[in-house]
1. With the alpha-carbon atoms as the only input, what is the per residue convex hull volume for the range B:1-113 in Å³?
2. Classify the range A:1-76 as rounded, prolate or oblate, taking a ≥ b ≥ c as the square roots of the eigenvalues of its Cα gyration tensor: rounded when a/c is under 1.5, otherwise prolate if a/b is larger than b/c and oblate if not.
3. What are the lysines whose alpha-carbon lies under 25 Å from the alpha-carbon of residue A:89, with same-chain residues fewer than 8 places away excluded?
4. Check residue A:244: other-chain or 5+ apart residues with amide H under 5 Å from its amide H, H built from backbone geometry?
5. Taking the inverse of the average 1/r across all pairs of different Cα atoms in the range A:207-271, what Kirkwood radius in Å do you get?
6. Report, as a whole number in µm² per second, the diffusion coefficient that Stokes-Einstein gives for the range B:4-283 at 25 °C and 0.890 mPa s using the Kirkwood radius over alpha carbon pairs.
7. At 7 Å along the Cα-to-beta-carbon direction for both residue B:313 and residue B:299, put a label point, then send me their distance in nm to one decimal.
8. How much area per residue is accessible in the protein assembly as shown when the probe is 1.4 Å and only protein heavy atoms are counted (Å²)?
Amino acid sequence: MSDLPNREAFFSNIDHSIPTAKDWMDTLPVDIRKGIACYAGNPKSLEYVGLPNPRTWSCFDEDWQLPENWQQILHEGFKERLEKFRSFKVFMDICVRCGACADKCHFFIGTGDPKNMPVLRAELLRSVYRNDFTRVGKLLGKIGGARPMSLEVLREWWYYLFQCTECRRCSVFCPYGIDTAEITIMGRELLNLIGLNIDWIATPVANCYRTGNHLGIQPHAFKDMLEFFVEDIEDITGVNCMPQFQKKGADILFITPSGDVFADPGTYTCMGYLMLFQFLKEKYGLDITWSTYASEGGNFGFFTSHEMMKRLNAKMYAEAKRLGVKWILGGECGHMWRVINQYMDTMNGPADFLEVPVNPITGTRFENARSTKMVHITEFTADLIQHNKLDLDPSRNDHLKVTFHDSCNPSRGMGLFEEPRYVIRNVCNHFYDMPRNTIRESTFCCGSGAGLNAGEDMELRMAGGLPRANAVKTVHEQHGVNTLACICAIDRAALPPLMEYWVPGVEVTGVHEMVANALNLPGQNERETDLRGEELPQLEE
Amino acid sequence: MNNKYMISFIAVFVLFFLAYLGTEALGLDVLFGVLIPYAALAVFIVGFVYKVMGWARSAVPFRIPTTCGQQENQLGFRQNTLDCPSTAGAVVLRMFLEIVTFRSLFRNTRMNFREGHKVSYNLEIFLWLFALIFHYAFLTVIVRHLRFFLEPVPKALQLLETVDSFMQIGLPVLYLSGAALLVAAVFLLLRRIFIGNVRYISLASDFFPLFLIGGIAFTGILMRYVTKVDIVSIKQLTMGLVTLHPTVPEGIGGLFYGHLFFVSILLAYFPFSKLMHLGGIFLSPTRNLPTDTRATRHVNPWNYPVETHTYEEYEDEFREKMVEAGLPVEIMPEEQPAEEAEADSPSEEKE
Ligand code: HEM
Ligand code: SF4
Ligand code: SF4
């Protein structure tokens, strides 16, 4: 972050004035800038999972070493997807360019770059569509909004398709529901056909394929890491929370993003899960297992292609079947939940070897998940709290003034709004929502989703996260909010630097970290610190 | 500088004179009064059906509604059935309100950077308001025009005319819908010309229908209030068209043929343009699907088997390490088949 300007200068330099001199089609070639663009995918990663056209290349080079027939590959790929996805075809045809979506994208707000208006991002593809697939477009050419594919257009696609986090905010405001995320998904799929990917996506994909998780943590190391948390928890609470691994015949399989096993502050959320499960085991005999094979909830395949998403996602059901569990519980993650909620059952189901999820402790039957058979942990915990099954002391979170960041995917791809808020309100005493236009279905992305949470595009991430940060700043100033809660592992990785840059003094936490801090474990010592090892406030007095 | 609206404007102008001069000077009344309208209607119908069938032919592999409210749940949280509809009935209601009230557009906000580095998002209802006026005025005008194609004119139509003309301006009475259509079209046009980002995204094909519809409304109003065309002859012509016994009465005048030609162009242009949003909205997968994806399995017609990394392959690669770490395995190392699974590893580990 050292090469970023200070935040005042950053903010003041954002210019939303729209160029008047030139038509947007006449602004090529694009200047692919460091700080905005991400590095190319490592060919070894592409090879490992058999993605097409692996090679060493760089987006900053003149020559991208494209396969000779790249235009044909793109044209045919485009055609195939128009037939396979009605969404794509309809969205190519019906946009009226009313501009309702234009200022809804966090990347447009934070960069001022007009090509980050969702409608224009979509027009990048649509213009080629008109040329290649409509007679009128072919006939009228540029005046009809059509242009042929060229190297310069390709560079433009690449640059702007990796400045979209597939957050779907634009789709909420579009009178026809045109979802630019869907168009980005198709565009990235096409780029993948000619080996244009970014490493922050390609390598986690390869890792996940091989080791079961994005970080490439091998089974023994994964277990070591959880054991390390177990020790930490024991130091703090005096209770041993050792989890079970790959236990055949357990009731429930638990899958969460591996980011929580690896990096702060996600690790505290992971400790939260361990403590919750220990509590439930001790009190009610909950039988839940982790798996090192299915040790990744996230799915960077989703940012690669539908096929790659399916290949990675297949592990969840496969492992549930092998272990013979009844149903699957999913941890706090954003895009993981979009995949589970809207794709998994269709891709890798039917999960007829599982049972309709029933909370063994409360008896609640999760009818809303009766086919996919996977429940979100905030649904599970909210249910436990409603039935008064947890022993909570929210005052241990009294030093926290909390707000909640709705992650894009659980919001606009699932509709999970009340569950996390209910849990938060029951485990802490000071909760303040951000302004209405920045939460729930209108929530702003962290700016780093869809595989853009790399290190080299920090300027883009700070720009894209600006609307979110600005809303946090509002409640920070109004209510002294010092904690930003979220239910997404990418958020837990992306929001801390965002807060440090835009709103210093606000820490990031997972919801289940707060649950665990409030939870009284049977047989625990007097709690002196929270999970981060910081002294609890009531003891300081 | 921006030639997009000039081109569209000129095109509409030229089209008018084509019809005006074609009929006034060359006497091509049959061409503009009969042949072109029939052809245009045919193109409209065939083109429209073809386009919609084209969309319908494409698969809907996944159920991907945009959820804009609380999901269905068993925890007693009130579901927002309108914005997150999980039943067919609720989806129909969501679609109905999208179509008759432009609900999503009503959410529109305008982003502003304020003093003190604050970003604000304020309600922006003008696009919604004028789009709504535009569409309803258009609808009313179309319905009112049925009087030219029906004999006798139905009572309901006469009632509509009474309501539409309740303002009683001038003689003959001013129909609100015609004026509203023109005003709304002008608003949408000015918006495209003067709001920077809307101008930037606009194509010539965004200006053309606005000029064309503006032209239709303008020539319509002219005929009614200024030149006072011969309604009886016109009705003779239009009735001839619907009864498939086309006649071309004398003395209708070039202005009417200009108007009719505009309408013909609009019809013929429709299926090839963004105006197809009329049909497309019904097929938009982010709006017309229920949000019950976890409760009811959606079937992808082209779902195909893919290569996965199976548990067996995984255990083969990591068995020793798993056993050493005390993780359960399916096959203990002694019993392991001879050939050692040698998988190449992906590139370096990621943080
Ligand atoms: C069903 C929901 C519909 C919605 C939400 C909708 C919305 C819109 C919007 C936002 C515009 C753009 C205005 C502008 O900025 O230029 C537009 C234009 C237009 N719509 Fe619709 N529309 C709908 C249905 C229809 C229908 C049923 C028709 C039937 C004729 C229609 C005809 C037109 C026409 C002719 C324009 C042209 C104006 C232009 O090109 O900008 N629309 N519509
Ligand atoms: S809101 Fe929808 S119709 Fe309007 S410009 Fe954006 S994508 Fe196109
Ligand atoms: S999906 Fe999100 S990031 Fe992509 S264009 Fe829409 S608002 Fe922007």
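1. 235
2. Since a/c reaches 1.5 but b/c is at least a/b, the shape of the range A:1-76 is classed as oblate.
3. A:79, A:104, A:115, A:138, A:142, A:310, B:51, B:274
4. Sorted by chain and number, the residues that satisfy this are A:290.
5. Mean inverse Cα-Cα distance, inverted, gives 12.7 Å.
6. Using the Kirkwood radius from Cα pairs, D works out to 113 µm²/s.
7. 2.9
8. Spelled out: the 1.4 Å probe surface of the protein assembly as shown, per residue, equals 37 Å².
The values are calculated or read from the model by the stated rules, or taken from the named source; none is laboratory data. This structure is a prediction, so every number in the text was calculated from the model and none was measured. Cβ sites come from the backbone with ideal geometry, for glycine too, and all protein chains shown count toward neighbours. Just so you know, the surface numbers come from the protein's heavy atoms only, side chains and all, with ligands and any DNA or RNA stripped out. Shrake-Rupley method; radii C 1.70, N 1.55, O 1.52, S 1.80 Å.
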